[in-house]
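J.: Questions regarding the structure given below will be posed in turn.
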Amino acid sequence: MSMQKTAMLHFGRSGSTVLAKMLETHPAIAWHHEHFTLLEQRDPTAATMSADKMVARIDALVAGAHSNRRLVGYEIKLINFLHNPACTAQQFAQALAAQENPTRVVVLRRRNVLKRILSSFRAMKTGVYHIKSDQGLGETRYSVPLQALGDPDTGIKATGIVDLLDKVIAREEATVRNVRNTGLDVQTLTYEDDIENDPVQGYRKMLSFFDLSPQDVQPTLKKTGTALKDEIANYDDLKAALQNTPYAWML
């Protein structure tokens, strides 16, 4: 049986790390986390690789995998393409689809895009991106710059929170649509359905997609935040800005 390849395309603050830490414990999986982000941190020129060069990097991971691993996986974020003049997410997906042994793709999204963006904002302010399951939550209060908030995952900035959500959601949907249109085998997971309450559910869904049997596993990370009204100092302003909009439910 030839070795499978899978890419987990995800948007930040969507539960990818807790999933990856469970996947890496599986004896049949060689999981490489955010391979291209880590590569760029060591070598800035990696941020301008063409699609062919990026695929060659993955082929090298597959070639170096131990023979008892049936699947080689890695994570890739939209941010890996934002500043890359040589490759878009769609071009990368097309290069994967053109291979003799095409990659399976897991798309991990967070339907509540507001909370995804605010989670990134909070993490950048506090420096706390992950919390172990046995750690307590630190108390954090912060104000949201409603007229100057941006989304690091899509690179979008806007003049207001509603405009930002409009543009970010459109960008996310276009990215996922373009990946699907390449003909790749795509499984979609959402933070709300598959991660938030029980990350093991997302883990099991991914293993089913890979045609692998799940192992007994426990999450090692937990949510980093609480209710927005308890965290955001100017919550009333945020609530007023989203009132009577399609995004009021995201509060």
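The values are calculated or read from the model by the stated rules, or taken from the named source; none is laboratory data. Computed from a predicted model, the values in this text were never measured in an experiment. All Cβ positions, glycine included, derive from the backbone under ideal geometry; neighbour counts span all protein chains shown. Please note that ligands, DNA and RNA were not included when accessible areas were found on the heavy atoms of the full protein model with its side chains. Shrake-Rupley method; radii C 1.70, N 1.55, O 1.52, S 1.80 Å.
J.: In contact (Cβ under 8 Å) with a residue 60 or more places away in the chain, part of a loop (DSSP other than H, G, I, E, B) and open to solvent by less than 10 Å² (accessible area, probe 1.4 Å): is that true of GLY12 in this structure?
T.: Criteria met by GLY12.
J.: Taking the range 24-46, which residues are among the charged types (D, E, K, R) and surrounded by 13 or more Cβ atoms within 10 Å (Cβ to Cβ)?
T.: Hits for the range 24-46 are GLU24, GLU34, GLU40.
J.: Which of the residues spanning the range 60-91 are in contact with a strand residue (DSSP E or B) (Cβ under 8 Å, 6 or more places away or on another chain), open to solvent by less than 10 Å² (accessible area, probe 1.4 Å) and of a type in the set (A, V, I, L, M, F, W, C)?
T.: Scanning the range 60-91 gives LEU71, VAL72, ILE76, LEU78.
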